[in-house]
1. Obtain the nm distance between the two label points defined at Gln275 and Glu687 by a simple spin-label model: each point lies 7 Å from its Cα along the Cα-to-C-beta direction.
2. For the peptides 458-468, 262-272, 509-519, what is the packing order when you average, over each peptide's residues, the other Cβ atoms within 10 Å and list the highest mean first?
3. Roughly what % antiparallel, to the nearest 5, for the DSSP beta bridges in segment 107-314?
4. Collect residues whose amide H, placed 1.01 Å from N in the peptide plane, falls under 5 Å from the amide H of Leu549; neighbours closer than 5 in sequence don't count.
5. For segment 621-667, run through the chymotrypsin sites (Phe, Trp or Tyr not before Pro) and keep only the ones in DSSP coil with at most 14 other Cβ atoms within 10 Å of their Cβ.
6. Hand me the trypsin sites (Lys or Arg not before Pro) from segment 356-423 located in a DSSP loop with no more than 11 other Cβ atoms within 10 Å, in residue order please.
7. If you take the Cα atoms of segment 499-636, find Rg, then find the Kirkwood Rh from the mean of 1/r over all pairs, what is Rg/Rh?
8. Sort segment 506-581 into rounded, prolate or oblate with this rule: let a ≥ b ≥ c be the square roots of the eigenvalues of the Cα gyration tensor; rounded if a/c is under 1.5, and if a/c is not under 1.5, prolate when a/b is larger than b/c, oblate otherwise.
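The values are calculated or read from the model by the stated rules, or taken from the named source; none is laboratory data. Note that the structure is a prediction, hence the values are computed from the model and not measured. Here Cβ is always computed from backbone atoms with ideal geometry, including for glycine, and neighbour counts include all displayed protein chains. When the accessible area is computed, the model is the full protein with side chains, heavy atoms only, and any ligands, DNA or RNA have been set aside. Shrake-Rupley method; radii C 1.70, N 1.55, O 1.52, S 1.80 Å.
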Amino acid sequence: MALLLKHRNFHRLLRVIMAFRSSPPPLPSSSSSFHSHASSNLSRPLLPFKSRVSFPLRGFPNRFSVQNAVSPRAFMSSSTATESFQENASSKAYGSDQIQVLKGLEPVRKRPGMYIGSTGPRGLHHLVYEILDNAIDEAQAGYASKIDVVLYSDNSVSITDNGRGIPTDLHPDTKKSALETVLTVLHAGGKFGGSNSGYSVSGGLHGVGLSVVNALSEGLEVTVWRDGMEYKQRYSRGNPVTILTGYSLPVESRDRQGTCVRFWPDKEVFTTAIQFDYNTIGGRVRELAFLNPKLTITLKKEDNDPEKNQYDEYFYAGGLVEYVKWLNTDKKSLHDVVGFRKEIDGIAIDMALQWCSDAYSDMILGYANSIRTIDGGTHIDGFKASLTRTLNNLGKKSKIVKDKDINLSGEHVREGLTCIISVKVPSPEFEGQTKTRLGNPEVRKVVDQSVQEYLTEYLELHPDVLDSILSKSLNALKAALAAKKARELVRQKSVLRTSSLPGKLADCSSTNPEESEIFIVEGDSAGGSAKQGRDRRFQAILPLRGKILNIERKDEAAMYKNEEIQNLILGLGLGVKGEDFKKDALRYHKIIILTDADVDGAHIRTLLLTFFFRYQRALFEEGCIYVGVPPLYKVERGKQVYYCYDDEELKNLQNSFPHNASYNIQRFKGLGEMMPLQLWETTLDPERRLLKQLVVEDAAEANIVFSSLMGARVDVRKELIQNASRMVNIDQLDI
């Protein structure tokens with residue numbers, strides 16, 4: 001890959017699609033707070049190395065913290081044992097006074113993760129999506145045509161729409177204004193369906209979105225324009241701090257309608273810094289603009305430095321057809337994007353799809369009432385079943401599939417397919433507040449019927465398109481048959497684990513995957529240092545020989561024949577591509593990519609990420625993929641040793657020394673240069689290392705970036721590098 005950037009700049013490109021959850025090492029302290037490399041501007045002197053004390057693995061807790069990548073040994077202390085004993089003693093006295101009744105919005109502040117998923121970056125951005133989805137509901141109902149999202153320099157966010165505005169009159173049950181009711185009462189809203197509902201179709205169902213954001217905000221300000229009036233009210237942590245005030249609008253503004261919600265997230269609730277990512281929110285805004293073709297959404301970021309201000313406007317009149325074109329920008333399409341819109345029994349279906357000749361996996365994105373259903377649901381199940389059945393029937397009818405005994409499977413017909421399917425359901429059944437899967441059984445039947453009718457009619461009128469699709473599917477079938485022996489070999493070796501593990505794998509003694517971790521390193525040199533420096537009880541090492549196969553450009557048969565790919569599949573226990581992912585089958589629940597801090601290391605890391613994303617994407621969803629961060633510099637001043645992880649840390653360290661200080665700087669070009677003890681102290685020791693967890697925040701954006709970086713089209717990659725060149729510091733180029 002002709003991307004001549006050092007690893008630090010390369011991550012800026014990947015940061016568009018991957019959320020790096022820094023996992024800093026904790027330091028022993030008398031207080032409960034921890035310090036990390038990530039948050040410290042000054043490199044700390046390394047703690048004195050202590051010999052590892054042997055104790056049985058069963059002493060480990062049954063988990064490794066996903067967020068903080070901390071070794072179980074960090075939790076083993078006499079104070080913890082004492083607290084546990086006291087807690088057990090007090091729990092024996094169990095009476096009515098131990099029963100707590102949470103009132104108002106107390107449940108939200110007590111257990112925020114239940115409502116927004118987490119108290120980290122993902123939960124923080126979920127607050128924005130909750131308010132944004134309310135504005136989208138107004139647009140879907142036909143009352144709003146524009147939404148403005150602003151990220152302010154004080155880390156607050158405002159969302160403004162030109163819909164009907166939240167009602168402000170007195171609510172008959174709560175005896176408060178309707179505005180205060182929806183902001184302070186859980187399960188209060190206008191989206192419960194029935195004759196009294198304010199929306200025929202909406203993403204909100206439970207009436208908790210706005211009140212949850214209010215409860216988890218240090219401050220919230222709401223402005224409503226309605227009936228020629230402007231109303232304002234302020235809240236703090238779920239409670240009103242001002243009364244609802246209103247005044248008449250000027251004559252020229254009397255027709256203004258809509259709602260503006262601005263909130264400041266509560267630092268007491270969120271475990272990470274309050275910082276909204278423009279690209280992350282931009283991905284969601286773009287997605288919503290594709291799904292609602294009559295809607296204009298603007299996104300603006302205000303910064304104290306005017307030159308850093310950002311602004312984008314999203315409007316896509318073509319809807320899902322434009323969405324598929326955007327996703328397949330860097331691919332060779334077999335035909336034009338096809339799509340349809342239809343409504344049956346009150347359920348609206350909007351779908352667009354396209355096959356590409358140079359893609360070997362599928363990308364199917366499902367939405368229900370403009371909410372992404374990342375775990376699928378009945379709409380996706382109905383589409384897949386109908387697509388497979390329809391193409392098999394048309395193939396035999398047209399005599400393209402000549403052998404009557406051949407039945408193309410879903411995996412074969414979907415190879416190279418990009419499809420977006422969006423349904424609007426009056427009474428959707430989602431799983432949980434985060435709404436990751438649609439459960440309405442009636443949706444499957446409607447989608448199945450609609451897809452069959454449309455595809456049959458379209459493909460019979462366009463036999464050339466049918467021929468291209470079926471040829472692609474038959475080639476996929478042939479590749480699958482060619483790879484069958486390799487697949488069976490993978491299965492057989494998986495059964496005979498003890499005798500079939502890769503020869504270069506230095507396994508750990510633990511057989512519990514929850515407490516085991518594996519480091520994937522490049523080359524025998526780094527592998528040798530890592531094997532000597534590791535803790536053999538729970539750390540395994542798998543050295544790779546050079547660069548692995550780029551599976552973005554290869555079919556399944558070539559992938560299974562590659563020795564390094566086979567070693568990864570067998571060593572990690574990944575199973576066979578296309579089969580349901582089972583975390584229990586993994587041999588290690590922490591897969592750590594540990595490569596050199598140069599352009600080759602960045603390339604190998606990207607090849608591995610491509611393999612994991614295409615072969616078993618669920619690894620990211622389960623939080624199993626990490627990147628280890630070795631230091632770039634070792635600084636010795638007298639008997640004091642410092643390790644710096646980037647140039648900025650080195651500069652800060654140098655500035656902290658006296659002007660006439662004498663010190664030596666060693667630049668680590670590869671892991672093989674480090675002594676085993678150095679590697680343990682800086683990169684392997686769970687108490688002091690720095691890990692970064694990788695999760696996919698936006699699957700569509702991730703798909704595009706992997707295709708651009710690793711696909712066959714050089715022109716797209718060249719354009720990507722040229723566009724990103726302004727982000728690069730010339731001094732960081734590795735030529």
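1. Here the modelled spin labels are 2.9 nm apart.
2. Values: 458-468: 14.6, 262-272: 17.5, 509-519: 19.6.
In decreasing order of mean packing, 458-468, 262-272, 509-519 become 509-519, 262-272, 458-468.
3. On the way: 37 of 43 bridges.
Close to 85 percent.
4. Correct list: Ile565.
5. Details: sites: Tyr626, Tyr633, Tyr642, Tyr643, Tyr645, Tyr663; in loops: Tyr645, Tyr663.
Those satisfying the criteria are Tyr663.
6. Details: sites: Arg372, Lys384, Arg389, Lys396, Lys397, Lys399, Lys402, Lys404, Arg414; in loops: Lys399, Lys402, Lys404, Arg414.
Hits after loop and neighbour filter: Lys399, Lys402, Lys404.
7. Values: Rg = 14.6 Å, Rh = 15.4 Å.
For segment 499-636, the value is 0.95.
8. Details: a/c = 3.40, a/b = 1.44, b/c = 2.36.
Oblate, because a/c is 1.5 or more while a/b does not exceed b/c.
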